[in-house]
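To start, the structure itself, in structure tokens.
The values are calculated or read from the model by the stated rules, or taken from the named source; none is laboratory data. Owing to the predicted nature of the structure, the values given are computational and were not obtained by experimental measurement. Here the Cβ is made from the backbone with ideal geometry for all residues, glycine too, and neighbour counts use every protein chain on show. Keep in mind that these areas ignore ligands, DNA and RNA; they rest on the heavy atoms of the full protein, side chains included. Shrake-Rupley method; radii C 1.70, N 1.55, O 1.52, S 1.80 Å.
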Amino acid sequence: MSIDIFLNLTVRGLTTGAVYALVGMGIVLILQTTNVMNFAQGDTGMFITYLAFFMITTAKVPYSLVLILAIAAGAVVGLLVERFMMRSVRSRSHLSLIMLTLGLSLLFQGLAAFLFKTEPRLFPPLVSGDPIKLGPIILGRQDIVVLLAAIATFGILYLFLYRTKQGAAARSISQDEYAARVLGIPTPSIYMLVWAIGSALAGLAALLIVPRFSLEPSFMGLIQVKAFTAIVLGGMNSVFGAAVGGLIIGVVENLVAYQFPAIKDSFMLIVIVIVLLVMPQGLFGKRQQRRF
Amino acid sequence: MTSSSTRRLAVNGAIAALVLVLPLVFRTKPSIIGYLNIAMLYAIATQGLNLLMGFGGLVSLGHAAFMAIGGYTAAVLVMTCHVNMFLAIVAGVAGAGLFGLVIGFPSLRLSGFYLAIATMAMGSSVADVIKRLPRITGGDYGLINIPSLRLGGWELAGEASKYYFFVAILVVVFLVVRNFLNSRSGRAVRAVRDSEMTASAMGVNVAAYKLVTFVFAACIAGLSGALYAFTISYLHPMNFGLTFSIELLSMSIIGGLGTIIGPILGALFWVMLPVIIGSRMEFLSTVIFGLSIIGSVMFLPKGLSELVTRIQTRLRL
């Protein structure tokens with residue numbers, strides 16, 4: 001593998017990884033604070049992307065507005081899910097909470113397939129034009145947007161978690177939910193806020209990655225699996241870990257696919273098994289495992 | 001008291017009679033019996049998952065992989081090694097159990113989300129490995145022309161004969177699972193689910209019982225997979241991916257986790273609903289499945305079997 005190919009594969013892997021990171025950050029944020037592993041993260045994004053598709057192609061709404069609306073739609077979905085589904089079963093086992101998100105994911109898939117049919121559709125990229133050359137590296141414009149969006153999202157999440165009162169509240173809930181309530185933190189509204197932010201990330205991520213694939217009800221499935229791999233690698237309880245884990249998975253996956261195409265798909269299993277066996281706390285996780 | 005137990009006996013007898021009579025009722029429509037056969041195979045696999053999740057408290061998102069291993073082992077043994085079909089099915093069950101042992105040994109150190117993700121990875125990679133072995137498994141084309149079910153010299157050709165055979169297998173599997181759960185080991189398994197710490201303080205070997213449950217569930221799934229192979233006569237790795245694992249999980253949730261009868265109800269619901277709705281509104285059933293999962297978690301924690309119990313109490317059966 002020549003150095004040029006290596007650089008190109010790495011950079012392209014970074015852009016794929018940025019999407020895994022976006023999905024993964026949303027999952028970790030919700031998991032950390034509300035202790036729910038959201039299996040509907042990908043399909044929430046998928047459904048919103050369908051709505052965005054019809055807004056762009058049929059209603060001719062400008063792209064930037066659609067992007068904002070998609071993020072807002074994700075936030076609304078998150079609010080509704082927390083308020084009307086999660087809140088009433090919070091006291092039950094975590095298994096039931098996982099099942100709720102699985103049901104939600106199935107619901108979105110069914111709705112998308114039922115309302116919009118399953119044939120793949122081509123989603124127009126956010127920015128079109130010739131790829132940009134940086135020395136030996138050739139990078140599509142959409143890829144640059146994805147990278148920038150991931151960096152910006154990470155920055156915003158960092159500011160939210162470490163520079164706002166609500167963020168501090170969310171972090172304290174993730175440490176000890178009971179103690180947080182005793183100290184007067186309004187846990188229900190923080191849960192709603194966290195679900196809104198997490199699901200908004202789902203909408204953003206799906207909209208950014210869809211031009212590389214085609215829009216169909218199952219397109220987020222594999223991406224979500226990769227995002228899970230990323231958060232295992234990153235340590236499950238760290239948003240930073242999910243971001244870095246996503247980027248690493250993206251790059252290594254791209255290199256492996258080039259060098260050893262045969263194990264392209266099994267590669268994530270190898271990663272998960274090694275990580276879980278050798279260092280279950282991941283790269284950036286705290287050693288102590290959380291309640292489950 | 002006695003009248004209630006006689007009434008219960010009468011109802012159970014009526015259900016048993018209905019089950020036995022169904023193939024005669026639908027003699028002109030063998031496809032319906034075919035669907036019921038599939039539902040029974042799913043119910044067997046789901047019973048394994050139910051044992052694992054409902055009674056063992058262990059999450060698995062890769063249960064379809066055990067079905068795939070059972071199915072492929074049995075089918076390949078019969079087709080390329082010309083093994084007796086009964087032995088091949090036994091080998092399929094053993095293969096799935098062995099794989100469960102190999103997978104379960106390291107992954108049962110994990111719990112909760114970690115176990116869910118580890119089994120998810122395992123499940124999707126088994127399908128991938130099967131795809132990468134085209135000389136044995138047919139790879140991406142799938143394994144076609146698997147011989148039909150045959151016991152001794154007697155081929156179960158029609159749907160009705162398979163139906164009776166599967167009913168028998170289903171009853172046996174369910175009885176075995178029920179007796180296991182009512183045994184000393186079963187109590188230990190449930191104790192581990194409710195509180196690992198209490199169970200281990202009482203002298204229960206937590207790790208061993210988790211492993212036993214996992215292997216047991218894998219064997220049941222392997223049995224279901226082996227029978228599936230000889231019923232459908234076609235296996236494709238894509239049919240045993242993450243999607244199917246989640247479908248099995250959904251069946252056990254809708255039917256009712258932690259109930260013996262739940263898997264049957266869940267599998268029947270899952271298989272029959274699309275048939276009832278019809279192919280033109282195919283994906284409406286997915287919507288209904290999603291809603292039923294949400295509904296059963298929120299309002300009926302024991303799923304359809306809770307509904308059955310409520311009707312039973314209402315009618316004082």
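Based on C-alpha pairs under 8 angstrom that are at least 6 apart in sequence, segment A:46-128 has a relative contact order of 32 percent. Ligands, DNA and RNA are left out, and with a 1.4 angstrom probe the accessible area of the protein assembly as shown is 44 Å² per residue.
When all protein chains stay in place and ligands, DNA and RNA are ignored, the 1.4 Å accessible-area order of B:His236, A:His94, B:His63, largest first, is A:His94, B:His236, B:His63. Please work out the Cα center distance from segment B:61-115 to segment A:258-281, rounded to the nearest Å. For segment B:61-115 versus segment A:258-281, the Cα centre distance is 21 Å.
For segment B:117-146 versus segment A:1-54, the inter-centroid distance based on Cα atoms is 26 Å.
With the charge dipole of segment B:28-241 set up from +1 on Lys and Arg Cβ and -1 on Asp and Glu Cβ about the Cα centre, the Cα lying farthest toward the positive end among the listed residues B:Val176, B:Val206, B:Asn50 is that of B:Val206. Here chain B is assigned +1 on the Cβ of each Lys and Arg and -1 on the Cβ of each Asp and Glu. Its dipole about the Cα centre then comes out at about 720 debye. The residue list B:Met79, B:Tyr164, A:Thr49 was ranked by how far each Cα lies along the charge dipole of the protein assembly as shown toward its positive end, using unit charges on Cβ atoms, and B:Tyr164 comes out on top. Across A:Gly110, A:Gly246, A:Gly135, mean-square fluctuation computed from a Gaussian network of chain A (C-alpha pairs under 10 Å connected) peaks at A:Gly135.
Rank these residues by their accessible area, most exposed first, probe 1.4 Å: A:Val23, B:Val25.
On the way: A:Val23 0, B:Val25 90 Å².
Largest accessible area first, the list is B:Val25, A:Val23.
When B:Tyr234, B:Tyr42 are compared by accessible area at a 1.4 angstrom probe, the order from most to least is B:Tyr234, B:Tyr42.
Projecting the Cα atoms of B:Ser296, A:Ile209, A:Asn8 onto the charge dipole of the protein assembly as shown, computed from C-beta unit charges around the Cα centre, puts B:Ser296 farthest toward the positive end. In the context of the full protein assembly, B:Trp270 retains an accessible surface of approximately 20 Å², using a probe radius of 1.4 Å and ignoring ligands and nucleic acids. Taken across both chains, chains A and B shield about 3600 Å² of accessible surface from a 1.4 Å probe. Just the protein heavy atoms count here, and of the accessible area of chain A at 1.4 Å, carbon and sulfur take up 69 percent. Using only side-chain charges placed at the Cβ, +1 for Lys and Arg and -1 for Asp and Glu, the dipole size of the protein assembly as shown relative to its Cα centre rounds to 1340 debye.
Note down the magnitude of the dipole of chain A about its Cα centre, charges +1 on Lys and Arg C-beta and -1 on Asp and Glu C-beta and zero elsewhere, to the nearest 20 debye.
Details: 21 positive and 11 negative charges, 143 e Å.
In debye, rounded to 20, chain A gives about 680.
Using θ = phi - 60° in the Karplus curve 6.51 cos²θ - 1.76 cosθ + 1.60, the 3J(HN,Hα) couplings for segment B:297-303 round to 5, 7, 10, 10, x, 9, x Hz; x is entered for Gly and Pro. Out of the total accessible area of segment B:47-194 (probe 1.4 Å, heavy atoms of protein only), what percent is carbon and sulfur? Within segment B:47-194, the accessible surface is 65 percent carbon and sulfur. Our Cα-only numbers for the protein assembly as shown put the radius of gyration and Dmax at 24.9, 89 Å. Solvent-accessible surface, computed for protein heavy atoms with a probe of 1.4 Å, shrinks by 40 Å² or more for the following residues of segment A:114-148 when the other protein chains are added to the isolated chain: A:Phe114. Of the DSSP H helices in chain A, those with a Cα length along their own long axis of 18 Å or more and a mean Kyte-Doolittle hydropathy reaching 1.6 comprise A:63-80, A:94-116, A:187-209, A:220-234. Of the whole protein surface, A:Phe47 contributes about 30 Å² of accessible area at a 1.4 Å probe radius.
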